[in-house]
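Asks: So that we are looking at the same thing, I have put the structure below in structure tokens.
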Amino acid sequence: MSSLRGSAILEAGVITVSGPLLVFSVYLLFAGHNQPGGGFAGGLVAGIALLLAWVAGGMETVRRVVPIRAGVLLGFGLTLAAISGFASMFAGLGFLESGYLEFSVPGVGKVKVVSALAFDMGVYLVIVGMALGLVRVLGEDETLDAEAAS
Amino acid sequence: MTWLLPSVVAVPVLGAGLTVLIGRRLRLQRAIALSGVAFVLVAAVLLLIEADSNGAAVAQLGGWPAPFGITLVADRFAGIVLTVSTAMLIAVLVYAMAQLGRDALDWWFHTKYLILTAGVALSLVTGDLFNLFVGFEMMLIASYVLLTVKTGPGEVRATMSYVVINLVASALFLVVIAFTYTVAGTLNLADLAVAFQTLDPAVRSALGLLTLVVFGIKAAIFPLFMWLPDSYPTAPTPVTAIFAGLLTKVGVFVIIRTQTLLFSQDEPSTLLLFIAGATMTVGVLGAIAQNDIKRILSFHIVSQIGYMVMGLGFLTVAGLAAAILYITHHIVVKTGLFLVGGLVEAEEGTGALDRIGGLLHRRPIIAVMFLPLALSLAGIPPFSGFVAKLALLQEGLALDRGIIVAVSLAVSLLTLFSMTKIWGGVFWGETTEPSVPAARGMTVATGSVVALSLGVALFAGPLADLATRAAADLVDPAVYTGLVLGGG
């Protein structure tokens with residue numbers, strides 16, 4: 001893999017692919033309520049985009065793409081997911097029971113926002129944070145970087 | 001009160017998220033961890049009270065009715081075990097703060113501890129097989145990381161066997177879940193109990209055996225226990241103490257739950273009684289051969305699991321009540337013994353019996369705390385172990401199962417023998433090496449566990465009544481299914 005570092009083809013390929021991948025991951029997050037997808041799948045796809053960024057540019061690139069500590073993402077996601085469970089209880093529903101708002105946006109049509117989305121977003125953040133942590137812990141290997149430099 | 005049941009899992013998860021979010025602020029992390037576990041304890045007590053008056057607290061997550069949604073059930077049995085477990089989680093957390101505070105080595109300790117708490121709580125209150133898997137995995141993944149807190153080649157080697165064996169067990173568990181879903185079309189425990197009544201008996205016993213193997217590995221019963229005495233003693237004391245007190249007992253809890261609910265029989269199970277006898281005997285023989293406090297105590301975990309399985313093997317109300325009583329007593333006593341072992345290690349710098357001695361004169365308080373716990377483990381009256389053992393023996397004699405009664409009595413005697421070995425090695429004799437006093441918080445935490453174990457003995461009467469009511473629910477699966485499906 002290290003021999004591929006700095007390859008123009010790889011870099012161009014990664015740049016082309018990772019943008020759509022991130023967009024797709026957000027699509028999965030929102031589509032997950034009634035269709036295949038959801039926070040877990042979306043987070044994994046975003047994680048793949050991060051891994052690709054690491055393959056192409058090493059830790060430098062990953063740090064530029066996500067200038068946040070992995071722990072913050074993980075912690076925020078976990079907190080959000082847990083709070084979303086309690087939030088529906090305060091709204092008078094059961095734990096984790098999903099409430100929804102329906103309204104129409106001009107030009108788009110009827111939009112339905114479900115409270116389960118907050119839970120899915122939490123999961124998404126946890127998975128992205130985990131992927132980031134993995135890349136940081138396993139990817140910040142000096143021997144690998146030295147190999148790449150040589 | 002429907003919010004109370006999910007919150008025993010959700011609050012520790014929330015706390016875990018917050019401890020990561022706030023980063024390296026030790027005081028704040030400790031405050032979050034303590035209040036999270038304390039909340040679970042209060043909730044567990046309230047749930048137990050509710051379960052005892054209504055039969056069980058049931059919650060259907062997301063508002064989907066059973067058997068379609070995720071069901072959480074805290075009946076009397078789950079309530080008892082959850083309450084005792086969280087009490088131990090708090091005591092050990094205080095102990096860990098006093099001990100690890102000195103070198104403040106691990107910023108993620110509280111996060112892992114809270115996830116462990118959530119996993120234990122979920123495994124105890126879950127009402128379906130797949131969430132049981134999730135709960136176990138939360139608990140185990142936290143435990144993998146906790147075991148390697150103090151990393152060195154020895155710890156990693158010991159943890160490797162623990163991780164590999166538990167992964168194999170988890171994979172097997174998934175297979176069992178797949179099989180169960182294939183034959184029954186549901187994973188909700190209450191729904192399964194109904195579906196299994198009309199199932200081909202051969203398929204049912206095959207699934208029962210597979211389930212027994214899966215949780216037998218987790219609970220460390222004979223012959224699936226070899227991973228335990230190897231991996232537990234290498235971890236830091238608070239970690240070992242909580243694993244010893246809780247993890248295997250959650251395995252026993254699930255064995256009792258599944259064997260009574262899904263695979264119930266009308267007569268005592270000779271297979272379970274044989275396993276019980278073999279587990280006790282092999283465990284205690286292993287303990288006698290050891291020469292280190294923590295290793296001796298680790299083998300005793302295995303040995304004591306045998307007594308719980310023995311209570312289950314009788315498959316009667318009195319037998320199960322004795323098993324529940326035994327679990328309650330054992331969680332407290334075992335955690336306490338490991339904490340005492342940790343105190344000795346902290347003061348002397350080693351747990352090897354031949355290198356320490358004379359602690360009775362220098363630190364009598366440790367000896368005072370060790371004595372009731374050790375005698376309780378051996379089942380000497382009037383301590384808590386005696387009550388539980390007496391109940392087991394009475395039921396064994398009533399059912400005319402003389403062999404297992406004789407075996408359990410002999411094992412008690414050997415337990416006492418190996419406790420005297422620790423006593424002689426640690427507290428009597430002379431020592432040459434100077435000792436360092438352990439942190440005050442460690443002693444206080446250990447003392448409160450000892451007090452709780454004396455409390456179990458003191459309130460043995462009401463506890464035995466409660467355990468009998470819990471056992472009566474277990475013996476008749478219709479009670480559980482009625483609570484979950486009917487009352488839902």
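Readers should treat all values here as calculations from the given coordinates under stated rules, not as data from a laboratory. In this text the structure is predicted, and so the values were computed from the model without any measurement. Quick reminder, even Gly has a Cβ in these numbers, built from the backbone with ideal geometry, and neighbours come from all protein chains shown.
Asks: Considering Cα pairs under 8 angstrom that are at least six residues apart, work out the relative contact order of segment B:265-470 and quote it in whole percent.
Replies: Normalised by residue count, the contact order of segment B:265-470 is 28 percent.
Asks: Over segment A:1-78, what is the relative contact order in percent, taking alpha-carbon pairs closer than 8 angstrom and at least six residues apart?
Replies: Reported as a whole number, the value is 29 percent.
Asks: Note the direction-averaged projected area, equal to a quarter of the hull surface, for the Cα convex hull of segment B:141-272, in nm².
Replies: Across all orientations, segment B:141-272 yields a mean hull projection of 8.5 nm².
Asks: Could you give the angle, 0 to 90 degrees to the nearest 10, between helix B:270-289's Cα long axis and the longest principal axis of the Cα atoms of chain B?
Replies: Its long axis makes an angle of about 10 degrees.
Asks: Which one, B:LEU413, B:VAL456, B:VAL426, is farthest towards the positive end of the dipole of segment B:265-470 when Lys and Arg carry +1 and Asp and Glu -1 on their Cβ?
Replies: Going by the Cα projections, it comes out as B:VAL426.
Asks: May I pose another question? Nearest 10 degrees is fine. How inclined is helix B:384-398 to the longest principal axis of chain B, computing both from alpha carbons?
Replies: Relative to chain B, helix B:384-398 is tipped by roughly 40 degrees.
Asks: What is the ratio of the Cα radius of gyration of chain B to 2.2 N^0.38 Å, where N is its residue count, to two decimals?
Replies: The value comes to 0.92.
Asks: Putting +1 on Lys and Arg Cβ atoms and -1 on Asp and Glu Cβ atoms, find which of B:ILE275, B:PRO437, B:VAL309 reaches farthest to the positive end of the dipole of segment B:265-470.
Replies: It is B:PRO437.
Asks: Moving on to the next point. Over chain B, what relative contact order in percent results from Cα pairs under 8 Å that are six or more residues apart?
Replies: For chain B, the relative contact order is 17 percent.
Asks: Is there a simple number for the mean count of other chain Cβ atoms within 10 Å of the Cβ of residues in A:72-83, and what is it?
Replies: The shielding value for this peptide is 6.
Asks: Just how large is the dipole of the protein assembly as shown about the Cα centre, in debye to the nearest 20, putting +1 at every Lys and Arg Cβ and -1 at every Asp and Glu Cβ?
Replies: The calculated dipole for the protein assembly as shown is roughly 920 debye.
Asks: Rounded to whole Å, give me the distance from the Cα center of segment A:51-90 to that of segment B:50-101.
Replies: Cα centroid of segment A:51-90 versus Cα centroid of segment B:50-101: 30 Å apart.
Asks: Are there chymotrypsin sites (Phe, Trp or Tyr not before Pro) in segment B:64-100 that DSSP marks as loop and that have at most 10 other Cβ atoms within 10 Å, and which are they?
Replies: The qualifying sites: there are none.
Asks: Got a sec? Charge dipole of chain B, +1 on Cβ for Lys and Arg, -1 for Asp and Glu; which of B:GLY482, B:ILE293, B:GLY185 is way out at the positive end?
Replies: Final value for the positive-end residue is B:ILE293.
Asks: Can you give me the Cα centroid spacing of segment B:353-409 and segment B:445-473 in angstrom?
Replies: 16
Asks: Separate question: Under a point-charge model restricted to the Cβ atoms of Lys and Arg (+1) and Asp and Glu (-1), what is the dipole moment magnitude of segment B:54-185 relative to its Cα centre, in debye to the nearest 20?
Replies: Roughly 160 debye for segment B:54-185.
Asks: What's the FRET efficiency of B:LEU409 with A:ARG69 using the Cβ-Cβ distance as r and R₀ = 60 Å, to the nearest 0.05?
Replies: 0.55
Asks: Now a separate question. For A:MET59 and A:SER104, calculate 0.36 nm times their separation in residues minus their Cα-Cα distance, and state this gained length in nm to one decimal.
Replies: So the extension gain works out to 11.8 nm.
Asks: Related question: So which chymotrypsin sites (Phe, Trp or Tyr not before Pro) in segment B:373-430 are both in a DSSP loop and have at most 16 other Cβ atoms within 10 Å of their Cβ?
Replies: B:TRP428
Asks: A further question follows. Pairs of lysine in chain B with Cα under 28 Å and at least 8 positions apart or on different chains: total?
Replies: 23
Asks: What longest region of chain B stays clear of trypsin sites (Lys or Arg not before Pro) that DSSP places outside H, G, I, E and B and that have at most 13 other Cβ atoms within 10 Å?
Replies: B:103-488
Asks: With the Cα gyration tensor of the protein assembly as shown giving a ≥ b ≥ c as the square roots of its eigenvalues, does the rule (a/c under 1.5 for rounded; else a/b larger than b/c for prolate; else oblate) give rounded, prolate or oblate?
Replies: oblate
Asks: Rounded to the nearest 0.05, what FRET efficiency do B:VAL164 and B:SER205 have when you use their Cβ-Cβ distance and R0 = 35 Å?
Replies: 0.75
Asks: With +1 on the Cβ of every Lys and Arg and -1 on the Cβ of every Asp and Glu, and nothing else charged, how large is the dipole of chain B about its Cα centre, in debye rounded to the nearest 20?
Replies: Charge dipole of chain B: 1080 debye, to the nearest 20.
Asks: Using r as the Cβ-Cβ distance of A:ALA31 and B:TRP428, and R0 as 51 Å, what FRET efficiency do you calculate, to the nearest 0.05?
Replies: After rounding, the FRET efficiency stands at 0.10.
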